[in-house]
1. Take the solvent-accessible surface of the protein heavy atoms, probe 1.4 Å, and return the percent of it on the chain that carbon and sulfur atoms account for.
2. Counting heavy atoms of the protein chains only and a 1.4 Å probe, report the per residue accessible area for segment 8-117 as a whole number of Å².
3. Give me P(r) over segment 14-76, computed from all C-alpha to C-alpha distances, binned every 5 Å, as integer percentages.
4. Using all C-alpha to C-alpha distances in segment 142-237, build P(r) with 5 Å bins and read off the rounded percent in each one.
5. If Lys and Arg each add +1 and Asp and Glu each add -1, what is the summed charge of the other residues whose beta carbon sits under 12 Å from the beta carbon of T194?
6. For the chain, divide the Cα radius of gyration by the Kirkwood radius and give the resulting Rg/Rh value with two decimals.
7. Within the set of other residues whose C-beta is less than 12 Å from the C-beta of V148, count the net charge using Lys and Arg as +1 and Asp and Glu as -1.
8. Collect residues whose amide H, placed 1.01 Å from N in the peptide plane, falls under 5 Å from the amide H of E188; neighbours closer than 5 in sequence don't count.
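The values are calculated or read from the model by the stated rules, or taken from the named source; none is laboratory data. Small disclaimer: the values here were computed from a predicted structure and weren't measured. Cβ atoms come from the backbone with ideal geometry, glycine included; neighbour counts cover every protein chain shown. Accessible surface is based on the protein model in full, side chains and every heavy atom, while ligands, DNA and RNA are left aside. Shrake-Rupley method; radii C 1.70, N 1.55, O 1.52, S 1.80 Å.
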Amino acid sequence: MPDGARVTPSAQAPVLLITGASSGIGAATARLAVAGGHRVVLVARRGQELSDLVAELGGEQHALAVACDVREFDALRDAVARGVGAFGGLDGVFAAAGVGAVRGFRNDDLARWRAVVETNILAVALTIRACIPALQASNGHLLLMGSVYGRNPAAGSLYSASKRAVQALAEAARLELTGDGIRVTLLEAGTVDTPFFDNPQADGLHADDVARAALWALGQPPHVDVSQLVIRPTAQH
Ligand SMILES: NC(=O)c1ccc[n+]([C@@H]2O[C@H](COP(=O)([O-])OP(=O)(O)OC[C@H]3O[C@@H](n4cnc5c(N)ncnc54)[C@H](OP(=O)(O)O)[C@@H]3O)[C@@H](O)[C@H]2O)c1
């Protein structure tokens, strides 16, 4: 969308930091959030994709790109500081960065297993830790991206185990942080047609569908904590 097509956001426009914003669910959430009047801090490793998305979203009044590997705590802390510096604070954080592994205990690449554990578990905990001061200052909202495979593991799937851990991280964070006025939501999705898969998922949800669910949870009034939200394609058992 050209720059002129967007209204300049006010200094009160809510600010949402999204990890995994270079692709799929994270990018779709950034688009929907900015269309709804948010400003966004876009975090992922691929800086060019983030810069392209900032331009698409109308420029730096609306969006800030921070190339960052979420497995690195110092880089995450810097991303938060840059977001706070640019926009004055953070009202929400959507931890959507994640990677998959689908070949099972016999065949999965071992480096991939390490990436799954480091990205889907450790990095989510690091994201929570890096964001607490900013969310505490704003009575903000933390949204963690889980999966229905965290509820119902698939055969041979370390990915499922990692998303089961995200369930526990969400509940553990909720118990620790709601006393500080920070709401916590676990968003679990079934199959979503994104670059997460090598092949199109014709019966899957669209990234937009998950983005709408995320924005719905974030849009509830401060006294409402949507603790868990599960969204599946109608065709998925
Ligand atoms: N697609 C599904 O069916 C589905 C279903 C349920 C849940 N989920 C979850 O939804 C989330 C988003 O997945 P998606 O479907 O949108 O997949 P995607 O299109 O592959 O997006 C994954 C995102 O994670 C980022 N990422 C991965 N490793 C990272 C790292 N070390 N540091 C920073 N960013 C990193 C990627 O950015 P860079 O490569 O640029 O770093 C990318 O932006 C994941 O947590 C996934 O597990 C997906």
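1. Details: 5830 of 11340 Å².
Result for the chain: 51 percent of the exposed heavy-atom area is carbon or sulfur.
2. Working: 5020 Å² over 110 residues.
Accessible surface, normalised per residue, equals 46 Å².
3. In whole percents, the pair-distance histogram is 4, 23, 34, 24, 11, 4, 0.
4. 3, 13, 22, 23, 20, 11, 6, 2, 0
5. Working: positive: none; negative: D193, D198, D208, D209.
My count for the surroundings of T194 gives -4.
6. Working: Rg = 16.8 Å, Rh = 17.7 Å.
Looking at the chain, the ratio lands at 0.95.
7. Working: positive: R151, K163, R164, R232; negative: E188.
Charge balance near V148 sits at +3.
8. When sequence neighbours closer than 5 places are left aside, the close amide H contacts are G146, L229, V230, I231.
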